[in-house]
Amino acid sequence: MRLSPPVTQKMAWAACWAAAFFAIAALLTIIIYVFARGVGEIGWAFLSTDPIGGLSGQGGIRSAIVGTIYIVVLTLAMAAPLGIGAGIYLAEYAGDNWFTRIVRWVIETLAGVPSIVFGLFGFALFVIALNLSFCILAGALTLACLVLPTIIRTTEEAIKAVPQGHREGSLALGATKWQTIRHVVLPAAMPGIVTAIILAIGRSVEETACLYVTMGGSANMPITPLDNGRTLSLHLFYLAMNTNAMEKALATGVMLIIIIVIINAITRWLSSRWMIRMQGRV
Amino acid sequence: MRQFSDSAWKQVILVCGASSIVILLLIIIFTLREGLPAFTEIGFFKFISGTTWKVANDDYGILSFIVGSIYVTALALVMSVPLGVFCAIFLAEVAPNWMRQIVRPAVELLVGIPSVVYGLVGLLLLVPQISKLGGSGDSILAAAIVLTVMVLPTIISVSEDSIRSVPRVYKEGSLALGATQWQTIWHVMLPAARSGILAAVVLGMGRAIGETMAMIMVIGNSIKIPVSPLDPARTMTGSLALEINYATGLHWNALFACGVVLLIFILALNSIAMVLRGRTQQ
């Protein structure tokens, strides 16, 4: 039996709406479920006590919050300068030859490499070979390698998007190449670079696999970056796998979702603000 | 002075660029170097076709992990590709504006939710339901459903881009010939966007194969070749995360070799995606 075109179209439209509803329903199910069961746990006591760790689900998430902050700050401190520098290099200084083509291919490929492979590398190099043992610094170094390709790529794209005329105008006025980059190209590319950094922050908060094999996962309050520690994501994983404290795991999930929503909102706000500013100035 | 700072900054940028690139190359070289002894000692073919993984006997074959990874990925794609493509058609062609403004942020948020949160919701919501069908509930099916939602955003956004990049004249020509809107989408626009949609599928596949923590949480982690979707299994990534921290000797090399196999998969998928995307741009 052949369906008439209008009937087929009706069915196809229904399928499209159904697919969209599925996506929304999946998101709502996750968020409502996590909030409904988790939000009751959250309170000052939950935020301000350390978890006991091990097989016990007792305690709060204070050390995991500190661990997360440590990881985000250290990772950015290492990956942002290197990644932005490399992005500038590739966009402004490197020509288009076989070497840079290989480099771009390596970066592109590494951006898709699973986080656990970075974990393997980080564990072997930082934890074992460099003898850092399990610690926040080893985790941050590994995570820095993981976010590096994304930062490089996003920075390079942002810089390449700056119109060539801007550079030529600046050079024609007698500015040196670096002055041109510093005062003309970088300000124009700033929204893209800021987005790259915020994406890296989001990635650091949600990443688990490569930290699972490098950070150690101690529940104690970390003092220095050389201490063993855990992030919120890791804490959630340990609670879910080793304890029965599912409400606390879900409460940690609530915290993570809130952080991600805030990061998403900042990204949107920044990019729209910069868009207005750029249009006003140029 | 001006000239000095110009060349000094160029050096700084060069150092950043070079060190990022060295780090990224180091990761690949390191993983290969640590993994090669396993290939030479066990034999590449025996390693990937061996069905036993017994640390006590120093007997390592990763076929069950490969089957686990591919099984989960395939099942997830069977569900997420139709959903994702219909959702992309919906966003590109069908959705009224208000609906688009709901679906887009929802999809963006799905990207940001940490994988451990997906794992946790899968563990608490899906696993008990699936255990009613038979088995313990920790299964390929649970993992595939979790993955379906996780790769959906990738498939939606890349397919939507490729559908949108189909030249307008194709669509107008088809409509002018009297085709219905759906006939136009199905017979003209989707074939034109074919490479981009395939790239979306391949990228989703890469994400699925690389996922680690959410898989560990819902798949049961048993070392046996799974047959039914209700069987527990183990993925390549899961084995790396679970065992690397206490591995020594040949076990250590075998895990890195498993990482190399994973890299080969990702490399192949990325290259295919790159070729497909290149074709779309033409």
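Derivation of every value follows stated rules applied to the coordinates shown; laboratory data play no part. Everything quoted here is computed from the prediction, not taken from an experiment. Every residue, glycine as well, gets a Cβ built from its backbone with ideal geometry; the counts of neighbours run over all protein chains shown.
Placing +1 on the Cβ of every Lys and Arg and -1 on the Cβ of every Asp and Glu, with no other charges, gives the protein assembly as shown a dipole of roughly 1320 debye about its Cα centre. Across the stretch A:47-55, rounded Karplus estimates of 3J(HN,Hα) from the backbone phi angles (6.51 cos²θ - 1.76 cosθ + 1.60, θ = phi - 60°) give 6, 10, 10, 7, x, 6, x, x, 8 Hz, Gly and Pro being marked x.
Restricting the calculation to alpha carbons of the stretch B:64-281 gives Rg and Dmax of 19.6, 69 angstrom. For a straight C-alpha distance cut-off of 17 angstrom, the aspartates and glutamates reachable from A:K10 (same-chain residues fewer than eight places away being disregarded) are B:E93. Projecting the Cα atoms of B:I266, B:I145, B:M213 onto the charge dipole of the stretch B:64-281, computed from C-beta unit charges around the Cα centre, puts B:I266 farthest toward the positive end.
Over the Cα atoms of the protein assembly as shown, Rg to Rh with Kirkwood Rh, two decimal places? Before the final figure, lay out each step's value.
Numbers: Rg = 24.5 Å, Rh = 25.1 Å.
On the Cα set of the protein assembly as shown, Rg over Rh gives 0.98.
Among B:V15, B:V94, B:V202, the largest mean-square fluctuation in a Gaussian network model of chain B, built with springs joining Cα atoms closer than 10 Å, belongs to B:V15.
Please report the base-10 log of the normalised intensity I(q)/I(0) for chain A, using a Debye sum with one equal scatterer per alpha carbon and no solvent, at each q in 0.13 (1/Å). Normalising to I(0) and taking log10 leaves -0.98. With the convex hull constructed from alpha-carbon coordinates only, the stretch A:181-282 shows a mean projected area of 8.7 nm² over all directions.
Rounded to the nearest 20, the Cβ-based charge dipole of the stretch A:44-281 about its Cα centre (Lys and Arg +1, Asp and Glu -1) stands at 560 debye. Each helix, a run of at least 4 DSSP H residues, gives -39500 (n - 2.57); summed and divided by the residues of the protein assembly as shown, these come to -23500 deg cm²/dmol at 222 nm.
In the stretch B:1-113, taking the dipole from charged Cβ atoms about the Cα centre, the farthest positive-side position among B:A74, B:S7, B:V22 is held by B:S7.
Which residue fluctuates most in the GNM of chain B (Cα springs below 10 Å): B:L126, B:L267, B:L255? Among B:L126, B:L267, B:L255, the largest GNM mean-square fluctuation belongs to B:L267.
Across the stretch A:227-243, coupling constants 3J(HN,Hα) worked out from phi with the 6.51/-1.76/1.60 Karplus curve, θ = phi - 60°, read 7, 5, x, 9, 9, 4, 4, 5, 4, 4, 4, 4, 4, 5, 8, 10, 10 Hz, and Gly and Pro carry x. Taking a Cβ cut-off of under 13 Å around A:F121, the surrounding Lys, Arg, Asp and Glu residues balance to a net charge of 0, with basic ones at +1 and acidic ones at -1.
Scaled to the compact-protein estimate 2.2 N^0.38 Å, what is the alpha-carbon radius of gyration of the stretch B:2-49, rounded to two decimal places? Don't skip to the end; give the middle numbers.
On the way: Rg = 19.8 Å, N = 48, 2.2 N^0.38 = 9.6 Å.
This ratio for the stretch B:2-49 stands at 2.07.
Dipole magnitude for chain B: computed about the Cα centre from +1 point charges on Lys and Arg Cβ and -1 point charges on Asp and Glu Cβ, it is near 600 debye. Projecting the Cα atoms of A:A245, A:T176, A:P163 onto the charge dipole of the stretch A:141-251, computed from C-beta unit charges around the Cα centre, puts A:T176 farthest toward the positive end. Please report how far the C-alpha centroid of the stretch A:138-165 lies from that of the stretch B:1-44, rounded to the nearest whole angstrom. Going from one Cα centre to the other spans 15 Å. Based on alpha-carbon centroids, what's the gap between the stretch A:31-49 and the stretch A:236-271 in Å, whole number please? Between the Cα centre of the stretch A:31-49 and that of the stretch A:236-271, the gap is 10 Å.
Based on the alpha-carbon gyration tensor of the stretch A:40-163 and its eigenvalue square roots a ≥ b ≥ c, which shape applies: rounded if a/c is under 1.5, prolate if not and a/b is larger than b/c, or oblate? Walk me through the intermediate numbers first.
Details: a/c = 3.19, a/b = 2.03, b/c = 1.57.
Verdict is prolate for the stretch A:40-163.
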